[in-house]
Amino acid sequence: MNALTNGRTFQDWPNRFWPLAIESLAELQNGCYRLRWEAVPGEGFQILASREYLEYQAHLMPGSYILGWTFTGDAGTEIQITDIGMNGSKFFNGPTPLGMLLAPSLTSPTLVNSDFDQLPLIPYLLPKKRLVIDPGKYAFQFWNIDSVPVSIQFVLWLAEPTR
């Protein structure tokens, strides 16, 4: 089981998480990659009604690396990310609460928008970057299991090839 399969794995790496995450990024500093963000949904924050389910698809450039993410939502929001091109390979064992996708001991400064959503300014880095394989199609599924509406947006941080 790895950190993309179960968010709790992050908690098992208290002394190794940051060195592994930084080491994973170091090899991308050769001028062949640029930082890019992919927001889902791309048109801004989406209000997810109580008990509502939404699915979005995004195309990521093959050869890119997924480095981490930021998101808005709350404890009642769950997500599943599926690599459609890799025979439906799922990032997590099942729908995963957004709160489990946090790095250990990470306190990220936030910005509060007009809807009072907390917007993280620092990404939650993966302990190991994830390669985007051709065709680069991903499905993002969101569930609001709470009894109140919630504003959501999930932003992937990518290293995209420059050529």
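The values are calculated or read from the model by the stated rules, or taken from the named source; none is laboratory data. On a predicted model such as this, the values are computed, not experimentally measured, just so you know. Backbone-built Cβ (ideal geometry, glycine too); neighbour counts: all protein chains shown.
Would you pick out the residues in the stretch 100-110 that are within 15 Å of VAL155 (Cα to Cα) and either part of a strand (DSSP E or B) or at pLDDT 75 or above (or both)? Within the stretch 100-110, THR110 is the sole residue that qualifies.
For GLY94, the requirement of being within 20 Å of LEU126 (Cβ to Cβ), at pLDDT below 90 and loosely packed, with under 13 Cβ neighbours inside 10 Å is met.
Going through (1) closer than 25 Å to LEU25 by Cα; (2) in contact with a Leu (Cβ under 7 Å, 6 or more places away or on another chain); (3) at pLDDT 85 or above one by one, LEU156 falls short only on (2). Only residues that are in a strand (DSSP E or B) and under 16 Å from the mean Cα position of the chain (by Cα) were counted in the stretch 127-150, giving 12. Within the stretch 121-143, the set of residues being in contact with a Ser or Thr (Cβ under 6 Å, 6 or more places away or on another chain) and in contact (Cβ under 8 Å) with a residue 60 or more places away in the chain comprises LYS128, LYS129, VAL132, ALA139. In the stretch 72-88, the condition of being surrounded by fewer than 20 Cβ atoms within 10 Å (Cβ to Cβ), assigned to a strand (DSSP E or B), at pLDDT 85 or above and in contact with a strand residue (DSSP E or B) (Cβ under 8 Å, 6 or more places away or on another chain) is met by at least one residue.
Reported count of residues in the stretch 10-30, each being at pLDDT 75 or above and touching a Leu at 6+ places or on another chain (Cβ under 7 Å), is 1. Could you check the stretch 37-59 and list, in sequence order, the residues that are under 13 Å from the mean Cα position of the chain (by Cα) and either in a loop (DSSP other than H, G, I, E, B) or not aliphatic (A, V, I, L, M) (or both)? If the condition is that a residue be under 13 Å from the mean Cα position of the chain (by Cα) and either in a loop (DSSP other than H, G, I, E, B) or not aliphatic (A, V, I, L, M) (or both), then TRP37, GLU38, PRO41 are the ones that fit. Of the residues making up the stretch 26-43, those that are loosely packed, with under 14 Cβ neighbours inside 10 Å and not aliphatic (A, V, I, L, M) are GLU27, GLN29, ASN30, GLY31, CYS32, ARG34, TRP37, GLY42, GLU43.
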